[in-house]
1. Straight-line reach only, C-alpha to C-alpha below 25 angstrom: list the lysines that A:K310 could link to, leaving out same-chain residues fewer than 8 apart.
2. Using 7 Å Cα-to-Cβ label points, what is the C:V4/C:R281 separation (nm, one decimal)?
3. Using only alpha carbon pairs under 8 Å that are at least six residues apart, calculate the relative contact order of the stretch C:332-609 and give it in whole percent.
4. If I fit a long axis through the Cα atoms of helix C:189-210 and take the longest principal axis of the Cα atoms of chain C, what angle between them do I get, 0 to 90°, rounded to 10?
5. Please compute one quarter of the surface area of the Cα convex hull for the stretch C:351-407 and express it in square nanometres.
6. Would you mind getting the accessible area per residue of the protein assembly as shown, heavy atoms of the protein chains only, 1.4 Å probe, in Å²?
7. Write down, largest first, the equivalent ellipsoid semi-axes of the protein assembly as shown in whole Å, where each equals the square root of 5 times an eigenvalue of the alpha-carbon gyration tensor.
8. Any idea how far the Cα center of the stretch A:323-351 sits from the one of the stretch A:241-301, in Å?
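The values are calculated or read from the model by the stated rules, or taken from the named source; none is laboratory data. Owing to the predicted nature of the structure, the values given are computational and were not obtained by experimental measurement. With ideal geometry, Cβ positions are generated from the backbone for all residues, glycine too; neighbour counts draw on all protein chains shown. The protein model used for the area step is the full one, side chains on, heavy atoms only, and it has no ligands, DNA or RNA in it. Shrake-Rupley method; radii C 1.70, N 1.55, O 1.52, S 1.80 Å.
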Amino acid sequence: MPRNKGTETMTVTRRTLLAAAGTLAAPALVRAQGSAPIRIGEINSYTAVPAFTLPYRNGWQLAVEQVNAAGGVLGRKIEVVSRDDAGKPQDAIRLAGELVNEQKVDLLSGGFLSNVGLALSDYAKQNKKLFIAGEPLTDALVWSDGHRYCYRLRPSTYMQAAMLVDDAAKLPGTRWVTVAPNYEYGQSAVKWFKLLLAKKRPDVTFIGEQWPALGKIDAGATVAALEAAKPDNIFNVTFGGDLTNFVRAGNTRGLFEKRGVVSVLTGEPEYLEPLGEETPTGWIVTGYPVESVINTTNTAFIAAYKARFKEMPKMGSVVGFALITSIVAGIAKTGAVDTEKMADSFAGASFDTPFGRAMWRKQDHQGTLGTYVGKTAVKDGHGVMVDWRYVDGAGALPTDAEVAKLRQG
Amino acid sequence: MSVLAVSGLGKSFGAVRAVDGVSFAVAAGEMLALIGPNGAGKSTCFNMLNGQIRPETGRILLGGRDITGLPPRRVWRLGVGRTFQITATFASMSVRENVQAALLSFHRRVWRWWRPARGYFAAEADALLDQVGMRAQGDRAAGVLAYGDLKRLELAIALANGPTLLLMDEPTAGMAPAERVALMALARRLAGERGIAVLFTEHDMDVVFGVADRILVLDRGRVIAEGDGVAIRADARVRAVYLGSGATSGGH
Amino acid sequence: MDFVVVQALTGLAGASSLFLVAAGLTVIFGVTRVVNFAHGSLYMLGAYIGWSILTRLPRDPAWFAAGVLLAALATAALGALLEMGLLRRIYRAPELLQLLATFGVVLMVQDAALYLWGPDELTLPRPPWLRGFVAVAGSRFPLFDLVLIGVGPLVLGLLWLLLARTRFGVLLRAATQDREMVAALGVDQTVLFTVVFALGAGLAGLGGVLSLPDGSANLHIDLDVITDAFVVVVVGGMGSLPGAFLAALLIGELQAFGIVLLPKITLVLVFLVMAVVLVFRPHGLLGRPQAVARGAAEALALVRPAVPALRWLGLAVLALALAAPLFAGPYLLSVLTEMLVAVLFAASLHFMMGPGGMASFGHAAWFGIGAYAAALATHALAAPMPAGLLLAPLAAGAAAGLFGWFIVRLSGVYLAMLTLAFAQIVWAVVFQWDAVTGGDNGILGVWPARWAGDPRVYYLLALALCGGAAMLLRRVLYAPFGYALRATRDSPLRAEAIGLHAGRIRLAAFALAGAAAGLAGGVFAYAKGSVFPTYIAVGHSVDALVAVLLGGVQTIAGPVVGALAYTALFDALLTTSFWRFKLGAFIVLLVLFFPAGIAGAAQRLWERGRPA
Ligand SMILES: Nc1ncnc2c1ncn2[C@@H]1O[C@H](COP(=O)(O)OP(=O)(O)OP(=O)(O)O)[C@@H](O)[C@H]1O
Ligand SMILES: [Mg+2]
């Protein structure tokens, strides 16, 4: 197992409180623009969700090193000032204040949990500071609660559902059940999936739904209840420990046999690896097939990552890496680190990611970074993705008119 | 008319018939001693009288009014003060504050939120403490008092509502003999001066025979004898179950 | 009908798992009277240790059984170490301090497990026999679930034999009923307690390792499991093994069928059951009232008005606080605003917990209701900020008054657990009811009115509201009501015997504390610009508890000192690596060496050599 070696390397300059007290004596120091590094504030739930955020941190560290080795951006190096929000949006907001007012960062970034992302986005809106969200999936971030100071990198809940619907529509059978964690993410994923699938296949009916509490799935009972509905197909949104429990109970009880299963995020190494040899085969999933994607960008990324951290990258690593490259591209396009200018001209900037080129959309500040859609399989006792294809994020979004309407809230 | 009239009082704990058909009355200014060996049912009687335990049978009349089954706080409002066998005082308050708390409740000043409580009824509290000889200790924490002093404090608290009936469960336990006599003399005086009916239990027979007007002897929940000191001393059954048992003082 | 059979069996398997977790907790509580918050951590360690052992063993049933036993024994050994290193030293401390110390252990174990086993979920490969099933009523029923169904009663039976048929058991039962007597019998209690703790820990470890075939070892199970275990133990009656078994059955079956009938409210359902049971049976299904609440035996500190020196200090701090906007930057002001909120939050908890004697494990409920009331007022009703800030304490006070009606009738640990149950219900409703509360995503855009938008102005507003409310609470404590409240805590018997309506007084105090916490929540909502379910989470309740205990329950200034110190400490630690371990260690050391808290220790120093 990889040891957690990340926490020691966190970029911590000073204790925040002492830092705050420090400003009592010295008036806020005016940073010389010229050669000083560009400071990127970064906040994430390092202690609360280490399985995702530690690979993610490796990802952004790698990108920072590469960018700086190549001479930085606008002739300046970049520097990330990172903070742990402990999984609490209220702490994220405080830390954002610290980063902006004390650390004088030029922009904010980060987030894994949707609520932390929204909290930071709302802070950015109120304080007119740029916030680049990496992972948070909630649609609200760029739609109902979207604003000019917020950009989001990853495919949203809607996009994940949309990417799966094409393949889902091809499944025979019309009777569907859903199982999703009972909170905003699970609820939206189910909502969009139902809506989008019904458009493509007016003949389907949803005959049952299970809403286990997040982190507390009673897998045996949930599986038995789904089984009792005798569905043709299953749409799953559970992830992490809930998914593991669900899959194990489902395997034993034969829930997945002769049934189509469509599952969000399950192809990500973070969630696939724990399933090991029990990975069910033939599930239609979104995810990241890591090494099996052989192309210049991904292969180079994996090589550099392995050289640096002695382990394989995960989805989080890609997000962390692309977060930095997307920011750097935005700054380069803007030609300055002024918030208002960046807020305008990040839109349209295109950047390299391990998955290939992507860009920031003008319409809603959503990144077009896509994801892989494929089938699950077992290889040498490990879960893998096969028959995959890359789905560009740009193709998984509603029309501009619909987006404009959603963005009005 | 008697202040307190009890008839047919009964209460069981599981198989134990703690109090079984007890009837008696206490008149104003009278001191009635309730005695009996350990476990005879004395405290249970007291607990029913002040409402702490609901009796299973019987009726309790206070000044002619039926108070059977009323909760302790209502009984107290009707003029019944009591001390406990195992003292119950407020450990986080000073001696004076303990009495003040009772006075605040008596004068219905509990639901006040602003003026510090120390300013309420301090003089009145001191007067009550004076009566029981505790005034000098008014500022001490109740939690650190000697047992005898706690008993005295309890008496002061019990007197705060100007009771017509005073229930004292082993009021002198833990005191030196001289103190016992002094305290009971005080009770005697109060009973006389204010016409308070006093019902008390006591294991020290010298105290009992010294101050009681009348004595009620309880054994296994039943009244086995009633009368003045002379009659009780002479009662054969009492001698058998009680005096003969050797339990004469201090038990609680 | 077939489905009912299968679901009932599934419920039985769930019940067995629940019982395994709860059994150890209830055994430990029954004898040592320690509410062991770290029980979930022991369970998690059992799972991790089990994973480390079982992945190295051959995959056949005999080796599996051996590995399971080994993992349970290893966890038992860890439990014994924990007992000897920590708990043994604090048996005489008040219950809450013990709870706090074990909470510190939870934090330490979280980081230790992360360090030792890494962040990834660890799964045990299942050999075919572990994936096997039998046909039941036309469905497949997992073989391992059948094993689990057997293990629960087996463990119950073995424990019963141990308790009823062995000398050890006799001593244990004697110790449960009367510790002094056992000591008088010349039995070495220290060893007895260590063994019991190891037994309880071993049961937790057993539960943990047996969870592997159906799930995984991960860093979240400690807290997931501990709430379940608490619910089962409390519903069953603390210290009662058959009670725990009954409660596990009840909850296991309820879950299994609840999922079918009401799939969306399973989380609420469990806590609802707990609340209902406690309302009707205040000591759980088979529990008995605790013999003597230990709190009563403690010497309670005398409450006196602040000495002049302290008053001057207070005035100086106030002057400094008033002058802060002159020299502090926006970030420091935001930290100070948060500290003010923390002070009021802690002071409100202290109000009911110190002088009121009602320790709450769910105080964040009122804070959260206040925050959501303000946010919903702003959002749904477009109410101006002052209206939101007024609504916050009113809504929280009303809710506290309503729930309090059930709560104040209990005492001690049961009361704390019922507050926890209500808080969890509130949390679950807010977390899952997306349409109204925004669910997990919370409610955004709750920023202050324009006139208060400047951080300096909002800080002063927070100072006025939070500082003012905290001062008011303090004032009330010195007023007759405060005395009456303390009277009901010091001696409920005497309080009733001097005409005090203890229930009403406690309820009023509960509602007042709730309202004050609600105000803190309202101020916090506008300071952060948003509200989230995390405001109501158990962790937030624990924050307040730690602040109060850190400052000292028995001093009026305690919560203020504690909130300031805790916020500063948390803030300082958060940016360092392994901050949870450090925070946990700090809490443990605090309980060991400063059980009276900072203000308590200071007071003791000050009073040294002065008459009581
Ligand atoms: N709450 C209770 N539960 C069960 N049994 C009780 C309870 N209270 C009293 N008893 C029993 O009732 C009987 C009478 O007890 P009580 O305390 O009234 O006796 P007492 O005359 O006051 O004795 P002592 O002189 O020891 O104070 C005893 O057998 C006692 O064990
Ligand atoms: Mg008695």
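1. The qualifying lysines are A:K5, A:K379.
2. Result for the modelled spin labels: 2.4 nm.
3. 33 percent
4. 70 degrees
5. Details: hull surface 16.4 nm².
In nm², the orientation-averaged hull projection of the stretch C:351-407 is 4.1.
6. Numbers: 45240 Å² over 1273 residues.
Computed with neighbouring chains in place, this is 36 Å² per residue.
7. Details: eigenvalues 783, 269, 127 Å².
Output for the protein assembly as shown: semi-axes of 63, 37, 25 Å.
8. Value for the Cα centre distance between the two parts: 35 Å.
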